[in-house]
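Only the coordinates and a few stated rules stand behind these numbers; no lab work does. These figures come from a predicted structure and were not determined experimentally. Cβ placement follows ideal geometry from the backbone for every residue including glycine, while neighbour counts extend to all protein chains displayed.
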Amino acid sequence: MQYFLIFLAFLCGAVFPTQAGLNAKMARLVGNPVLAALLSFATGLVALTVYAIVTRIPLSQFSQFKNAPWYVWFAGILGAFYISTVIVLMPRLGVALTFGLIVAGQMTVSLLLDHFGWLDAPVREISLGRVIGAFCLIIGVILIRKF
């Protein structure tokens with residue numbers, strides 16, 4: 001099971017550049033990156049709705065959103081920011097540099113979330129090995145940018 005989850009995480013990472021390329025192409029076609037992001041979210045909404053219906057997810061659970069703390073609503077805003085920003089950056093910086101920087105940012109914030117247990121993450125203290133790993137990612141971004 002652990003190997004499947006690792007594969008799934010890798011696959012998820014592989015999907016991001018493909019999604020970015022498709023969204024950038026849509027932005028060129030419609031002439032606006034925000035409109036392309038809106039269309040991307042609309043397509044995702046339709047896909048998730050179909051999935052929920054096909055898998056018979058109990059929609060009664062949906063009403064629990066009223067119990068959510070105010071800050072969890074930023075997830076949607078952050079998703080919109082992410083998609084829109086990637087659409088703008090990818091054609092200007094290239095796929096490898098854009099996603100290298102994204103991964104470096106993800107690792108930096110991930111280490112902080114792990115270390116402090118923010119957002120209910122299990123606490124995993126920052127260690128020298130983890131810092132070296134994040135540093136290697138940043139070195140990789142610099143090399144991608146330079147060459």
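Listed values, structure above:
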read-out: Alpha carbon Rg of the range 94-147, scaled by the compact-globule rule 2.2 N^0.38 Å; value: 1.25
read-out: Rounded Å value of the spacing that divides the Cα centres of the range 18-57 and the range 63-114; value: 16
read-out: Span-like helix ranges in the chain, DSSP H, alpha carbon extent 15 angstrom or more, Kyte mean at least 1.6; value: 33-54, 74-93, 128-146
read-out: Average Cα contact separation per residue, the chain, under 8 Å, 6 or more apart, as relative contact order %; value: 21
read-out: Hydrodynamic radius of the range 1-101 per Kirkwood, over alpha carbon pairs, in Å; value: 15.7
read-out: Ellipticity estimate at 222 nm from DSSP helix runs (n ≥ 4, -39,500 (n - 2.57)) divided over the chain, nearest 500; value: -26500 deg cm²/dmol
read-out: Label point distance in nm, K146-Q64, each placed 7 Å from Cα along Cα→Cβ; value: 5.0
read-out: Ranked list, fewest to most other Cβ atoms within 10 Å of each Cβ, for F99, F62, F147; value: F147, F62, F99
read-out: Within the chain: Cβ-based charge dipole about Cα centre, in debye rounded to nearest 20 (Lys, Arg +1; Asp, Glu -1); value: 380
read-out: Orientation-averaged projected area, Cα convex hull of the range 42-109 (nm²); value: 6.5
read-out: Listed residue (Q64, L45, Y3) projecting farthest to the positive dipole end of the chain, Cβ model; value: L45
read-out: Förster-model FRET efficiency, 35 Å R0, R56 and N32, C-beta, rounded to 0.05; value: 0.40
read-out: Taking S40, S110 and counting other C-beta atoms within 10 Å, the order from fewest to most; value: S110, S40
